[in-house]
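Okay, so here's the structure we're looking at.
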Amino acid sequence: MATEDRLATLRPGTADPEGMQPDAAAAELADLAAAIAFHDARYHGEDSPVVSDADYDSLVARNRELEAAFPDLVRADSPSLRVGAPAAAGFGKVRHSRQMLSLNNGFSDEDIADFVTRVRRFLSLAEDDPLALTAEPKIDGLSLSLRYEDGRLVQAATRGDGTEGEDVTANVRTVEAVPGRLAGSPPTILEVRGELYMDRGDFLALNAAQEADGAKIFANPRNAAAGSLRQKDPAVTASRRLRFFAYSLGEVSAPLADTHMDSLAALGAMGFSINPLSKRCGDVAGLLEIYADIGTRRADLTYDIDGVVYKVDRHDYQDRLGQVARAPRWALAHKFPAEQAETVLNAIDIQVGRTGALTPVARLAPVTVGGVVVSNATLHNEDEIRRKDIRVGDHVVIQRAGDVIPQVVRVLTDRRPAGSAEFVFPDSCPECGAPAARPEGEAIRRCTNSLDCPAQRLEWLKHFVSRDAFDIEGLGSRQIDQFVGLGWVSRPSDIFRLAARRDELAELDGYGELSVGNLLAAIEARRNIGFERFIFALGIRQVGQATARLLALHFTTPQAMLAALRPDADLEATKADLVAIDQVGESMAADLIGFFASDGNRAAVEDLLAELDIIPPERPSDDSPVSGRTVVFTGTLSGMSRAEAKARAESLGAKVSGSVSAKTDFLVAGADAGSKARKAAELGVTVLDEESWLALIGG
Ligand code: IVH
């Protein structure tokens, strides 16, 4: 434990390498190699990582810095040489021509029934209209996009963040299961997506060989596949037995077929492996039957799977259904139940988050669950602790499912040590002492001190600079801790005024002229920032990246957003407008309004805006006749559901609003349109029937 804690909390040294003795450098390099390996194991093994990306990056950067100064001290197990060390392998970036999506998850039979109901409703299918669905194993590997031009493999890329991945062409060319040339007559452009994986037997053999060589041991076949792919030397990849199942398409110059199953068959004919358990069926019962069948075969398969993926078979339906955020509406992953293990709960810590939420965290005696070492688990909230009567010292059953944070399932009360006491959840903030309140009907207790609570403020600032927010190179959690501690940064705008402290910065341990220059340049570069990143960075409760994007498209400029959310504006109308955005609900709208109701927050936002140039969001399609126009739907549409109509309009760049006002450009009136149609007529808003609307948007 002691060593583990030391590795978990190791921070990069701050001594200037120029002035270091080789002994000291060698000792620090050994520490860095161990700490980075520790974090890699957590990260790649999908246990909850214990450092932020920025802190991890600072370890890697320090390692690189020391190695550059002492090339003779580069260790055989150096992270810069090892598989899976980000950045070190230096793969180029590839922008995906079509986004690589992830999947929404379902766990219960009910989730699956809901999925099918949602799809049918979205497509406005009548009860007796058929809906063909497919089911196939969810392979536990890593997804790849393979681009073929005139039947030849020209590029292979990892998923990355879905928009941009890494160019792994040279390595993928060595994988036998990926055809270099396609059979038959494929379309000129064909992007094939699928899963790269390793058979369990090959994984065990690889680990045995690695062990004999004193090389890295992989936690599971997926990590082994990923590590084998991310090799500097394609010959190493070639020596590993990697396999590939094709399961979907990216860009294609001509469709392969009208349905998913037929597309898979076409891919099979071109030379790809298609999972033989893929099946088509017609209803929920059929899906569940296949799920049960695949579940019973799971142990006999030669590769790991973690669920079953359901898809709508018809491609035209898939196109209509589109996607929400990063997942298609036309697919769902039905996950297998979680794996469980027993361990001892050593302590319950209370963490204070960015929005003041007091979150209890279980500190556990480390235990392996599903091949991964787990030492922390979430306890959710105080009710959960009370309901399960979880006490410090208890033997507990924990579980983890896929990439979900491990959870405490139940206490083994018969093994409870004598004299244990019920856990008392604090009613004040453990960080600032302010009362921690729990509003009626809510499960979460929150520190009431808002941004005056140092913990909330700190987490808020860390969120602000995090990867999906401002993402300033050289400015991560560690630097925020430091600058906040020095009193230099207390709100986001202060970051953009750090240039005034150039000399003081240069005097800090670990900084030199060069690194200060780099940091300030990185900050300068972020003065131009996309509106959606800006919104996400504000850290408003419930506003994640997907919502931030929707809000950016809705408001277009920060000024419009601030005006609409002014405490003295017509907030009921604003709320109605917000709720009309697909995916924005009442409670999210209330949190947004709540955030901007605070004078402190408004001042912080305005102060920040004075430092920035906000880049307006890119509209999905700028040349459509409804791009930038405000549309309201009312009445019953015959050809499509309201949800589909809304999603289509938004994908063409329109803003969809719930209420008619002078700003409305079109009211689309279906059958039985009522008061909105009258109001539109009064205001002189163009009213379209469903047919003219479809004609306007081109079908
Ligand atoms: S379809 C747009 N099918 O699961 C749909 N994904 O959790 C794209 N995966 O990123 C995915 N087996 O890496 C699909 N039969 C399968 C799959 C599968 C594994 C992976 C894939 C995806 C991840 C989402």
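The values are calculated or read from the model by the stated rules, or taken from the named source; none is laboratory data. In this text the structure is predicted, and so the values were computed from the model without any measurement. Methodologically, a virtual Cβ is constructed for each residue, glycine included, from the backbone with ideal geometry; neighbour enumeration extends over all protein chains shown.
So in region 573-590, with the set limited to residues that are in contact with a strand residue (DSSP E or B) (Cβ under 9 Å, 6 or more places away or on another chain) and of a type outside the set (Gly, Ala, Ser), which one is farthest from LYS646 (Cα to Cα)? Filtering region 573-590 for residues that are in contact with a strand residue (DSSP E or B) (Cβ under 9 Å, 6 or more places away or on another chain) and of a type outside the set (Gly, Ala, Ser), the one farthest from LYS646 (Cα to Cα) comes out as ASP577. Pairs linking a residue in region 185-201 that is under 28 Å from ASP304 (Cα atoms) and assigned to a strand (DSSP E or B) to a residue that is within 12 Å of the ligand (Cβ to nearest atom) and hydroxyl-bearing (Ser, Thr, Tyr), with Cβ atoms under 6 Å and 6 or more positions apart or on different chains, are GLU191/SER145; ARG193/SER145; ARG193/SER248; GLY194/TYR247; GLU195/SER143; TYR197/TYR303.
Residues in region 94-132 that are closer than 24 Å to ALA265 by Cβ and within 13 Å of the ligand (Cβ to nearest atom): ARG98, MET100, LEU101, LEU103. Applying the selection to region 476-495, what residues are buried (at least 19 other Cβ atoms within 10 Å of the Cβ), modelled with pLDDT of 95 or more and not in a helix (DSSP H, G or I)? Selection gives VAL489 alone. Scanning region 531-560 for residues that are of a type in the set (A, V, I, L, M), modelled with pLDDT of 90 or more and under 30 Å from ASN104 (Cα atoms) returns ILE535, ALA537, LEU538, ILE540, VAL543, ALA548, LEU551, ALA552.
If you check ARG181, ARG159, which single one turns out to be in contact (Cβ under 8 Å) with a residue 12 or more places away in the chain and either loosely packed, with under 14 Cβ neighbours inside 10 Å or away from the ligand (no atom under 16 Å from the Cβ) (or both)? Even if it seems obvious, please write down each step before you answer.
Working: ARG159 fails: either loosely packed, with under 14 Cβ neighbours inside 10 Å or away from the ligand (no atom under 16 Å from the Cβ) (or both).
When all the criteria are applied, what remains is ARG181.
Which of the residues that make up region 117-156 are free of Cβ contacts under 8 Å to residues at least 12 places away in the same chain and part of a helix (DSSP H, G or I)?
Our first condition is that a residue be free of Cβ contacts under 8 Å to residues at least 12 places away in the same chain; within region 117-156, this holds for 117, 120, 125-129.
Answer for region 117-156, where residues must be free of Cβ contacts under 8 Å to residues at least 12 places away in the same chain and part of a helix (DSSP H, G or I): THR117, ARG120.
Okay, residues lined up against (1) under 28 Å from ARG648 (Cβ atoms); (2) buried (at least 20 other Cβ atoms within 10 Å of the Cβ):
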{"site": "LEU520", "(1), (2)": "no, no"}
{"site": "ILE535", "(1), (2)": "yes, yes"}
{"site": "GLN542", "(1), (2)": "yes, no"}
{"site": "ALA546", "(1), (2)": "yes, no"}
{"site": "GLN559", "(1), (2)": "no, no"}
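The residues on offer are ASP258, ASP213, and the sole one that is without any contact (Cβ under 8 Å) to a residue 40 or more places away in the chain, over 25 Å from ALA113 (Cβ atoms) and more than 13 Å from the ligand (Cβ to nearest atom) is ASP213.
The single residue among PRO625, PRO617 that is at pLDDT below 90, over 25 Å from the mean Cα position of the chain (by Cα) and within 30 Å of LEU696 (Cα to Cα) turns out to be PRO625.
Beta carbons closer than 7 Å, at least 6 apart along the sequence or on distinct chains, pair a first residue in region 520-535 that is touching a residue at least 60 places away in the same chain (Cβ under 8 Å) with a second that is basic (Lys, Arg) for GLU532/ARG549.
Out of region 76-104, which residues are modelled with pLDDT under 90 and of a type outside the set (Gly, Ala, Ser)? Passing the criteria: ASP77, PRO79, LEU81, ARG82, VAL83, PRO86, PHE91, LYS93. The single condition from (1) touching a Ser or Thr at 6+ places or on another chain (Cβ under 9 Å); (2) part of a helix (DSSP H, G or I) that ALA436 fails is (2).
Taking the conditions (1) surrounded by fewer than 18 Cβ atoms within 10 Å (Cβ to Cβ); (2) of a type outside the set (Ser, Thr, Tyr); (3) within 12 Å of the ligand (Cβ to nearest atom); (4) under 18 Å from GLN99 (Cα atoms) in turn, GLU251 satisfies each one other than (3). Out of curiosity, is ILE274 away from the ligand (no atom under 15 Å from the Cβ) and surrounded by fewer than 20 Cβ atoms within 10 Å (Cβ to Cβ)? Criteria not met by ILE274. The criterion of being buried (at least 21 other Cβ atoms within 10 Å of the Cβ), in a strand (DSSP E or B) and either touching a helix residue (DSSP H, G or I) at 6+ places or on another chain (Cβ under 9 Å) or in contact (Cβ under 8 Å) with a residue 40 or more places away in the chain (or both) does not hold for ALA225.
Of the residues making up region 165-178, just one is closer than 30 Å to ASP468 by Cα and loosely packed, with under 15 Cβ neighbours inside 10 Å, namely ALA170. If you go through region 310-347 and keep only what is surrounded by fewer than 18 Cβ atoms within 10 Å (Cβ to Cβ), of a type in the set (Val, Ile, Thr) and over 16 Å from SER651 (Cβ atoms), you end up with just VAL344.
Do you know which of the residues in region 133-155 that are under 27 Å from the mean Cα position of the chain (by Cα) and over 24 Å from PRO276 (Cβ atoms) is nearest to the ligand (Cβ to nearest atom)?
Just the residues of region 133-155 that are under 27 Å from the mean Cα position of the chain (by Cα), to begin with: 133-147, 155.
From the residues that got through so far, the ones that are over 24 Å from PRO276 (Cβ atoms) too are 147, 155.
Working: ARG147: 16, GLN155: 18 Å.
The qualifying residue nearest to the ligand (Cβ to nearest atom) is ARG147.
The set of residues from region 366-382 being over 23 Å from VAL309 (Cβ atoms) and either buried (at least 16 other Cβ atoms within 10 Å of the Cβ) or without any contact (Cβ under 8 Å) to a residue 40 or more places away in the chain (or both) comprises VAL367, THR368, VAL369, VAL374, SER375, ASN376, ALA377, THR378, LEU379, HIS380, ASN381, GLU382. The single residue among ASN207, ASN220, ASN171 that is of a type outside the set (A, V, I, L, M), within 15 Å of the ligand (Cβ to nearest atom) and touching a helix residue (DSSP H, G or I) at 6+ places or on another chain (Cβ under 9 Å) turns out to be ASN220.
When SER624, SER661, SER657 are screened for being touching a residue at least 40 places away in the same chain (Cβ under 8 Å), hydroxyl-bearing (Ser, Thr, Tyr) and surrounded by fewer than 18 Cβ atoms within 10 Å (Cβ to Cβ), only SER661 passes. Yes or no: region 315-328 includes at least one residue that is free of Cβ contacts under 8 Å to residues at least 12 places away in the same chain, in contact with a strand residue (DSSP E or B) (Cβ under 8 Å, 6 or more places away or on another chain) and over 27 Å from SER477 (Cα atoms). No, region 315-328 contains no residue that is free of Cβ contacts under 8 Å to residues at least 12 places away in the same chain, in contact with a strand residue (DSSP E or B) (Cβ under 8 Å, 6 or more places away or on another chain) and over 27 Å from SER477 (Cα atoms). Among the residues of region 206-222, those that are more than 19 Å from VAL373 (Cα to Cα) and either in contact with a strand residue (DSSP E or B) (Cβ under 7 Å, 6 or more places away or on another chain) or surrounded by 13 or more Cβ atoms within 10 Å (Cβ to Cβ) (or both) comprise LEU206, GLN210, ALA215.
Taken over region 666-698, the criterion of being assigned to a loop (DSSP other than H, G, I, E, B) and under 35 Å from the mean Cα position of the chain (by Cα) is satisfied by GLY698 alone.
When region 329-353 is filtered for residues that are within 11 Å of the ligand (Cβ to nearest atom) and at pLDDT below 95, only LYS335 remains.
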